[in-house]
Amino acid sequence: MSYAEAWREDRRRWRRLLLWVIGLPVGFTLFVFALGGLVLLLERLFPPPRAEWLWELLQRVPSPDALFPVVMVLWLPGGMLLAFKVFEFACPRCGESFYTKGFSRNSFTLECMHCGLRKGAVEP
Ligand SMILES: [Zn+2]
């Protein structure tokens, strides 16, 4: 794998991790607000005695309170898995783990923890 491909792969792993860790809670929060807003809007447009079928349908939608534990059960191990994928990224020069050395781990390092290759370096 060329250095350029390796750095692209590293950025892809980071994007996935950040999208999951930040995007999922933000997306879930937006979903909850959107659902609440939709219910408020429908209450205005079709007050409960009207459109009984609609209210029966909405009763079947799982409440955010019930979905929250499910989202958390998916979010935590998913985030751990994606973080693990970031940490196992191999340096394109030495082939060792870029972000870890022994028990030491630095996810914000800009240099390989084994050979010192700068992140984004071009192939010699
Ligand atoms: Zn290295």
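The values are calculated or read from the model by the stated rules, or taken from the named source; none is laboratory data. Predicted model only: the values in this text are computed from it and were never measured. Glycine also receives a Cβ, built like all others from the backbone with ideal geometry; neighbour counts cover every protein chain displayed.
Which of the residues that make up the stretch 1-13 are out of contact with any Lys or Arg (no Cβ under 6 Å at 6 or more places or on another chain) and either buried (at least 16 other Cβ atoms within 10 Å of the Cβ) or among the aliphatic types (A, V, I, L, M) (or both)? Spell out how you get there, then give the answer.
Step one: list which residues in the stretch 1-13 are out of contact with any Lys or Arg (no Cβ under 6 Å at 6 or more places or on another chain), which gives 1-12.
Once the filter is applied, which keeps residues that are out of contact with any Lys or Arg (no Cβ under 6 Å at 6 or more places or on another chain) and either buried (at least 16 other Cβ atoms within 10 Å of the Cβ) or among the aliphatic types (A, V, I, L, M) (or both), the stretch 1-13 yields Met1, Tyr3, Ala4, Ala6, Trp7, Asp10.
Counting just the residues of the stretch 87-96 that are modelled with pLDDT of 95 or more and not acidic (Asp, Glu), which one comes out farthest from the ligand (Cβ to nearest atom)? So the residue we want is Phe89.
Just one residue in the set Leu41, Leu19, Leu81, Leu45 is loosely packed, with under 15 Cβ neighbours inside 10 Å, out of contact with any Ser or Thr (no Cβ under 6 Å at 6 or more places or on another chain) and at pLDDT below 90; that residue is Leu45.
Here Pro48 fulfils each of the conditions (1) farther than 30 Å from Arg12 by Cβ; (2) out of contact with any Phe, Trp or Tyr (no Cβ under 7 Å at 6 or more places or on another chain) apart from (2).
Is it the case that Ala121 is in contact (Cβ under 8 Å) with a residue 60 or more places away in the chain, among the small types (Gly, Ala, Ser), away from the ligand (no atom under 16 Å from the Cβ) and surrounded by 12 or more Cβ atoms within 10 Å (Cβ to Cβ)? Here the answer is no, as Ala121 does not meet what is asked.
Residues of the stretch 56-100 that are touching a Phe, Trp or Tyr at 6+ places or on another chain (Cβ under 6 Å) and not aliphatic (A, V, I, L, M): Gly78, Gly79, Phe87, Phe89, Cys91, Pro92, Phe98, Tyr99, Thr100.
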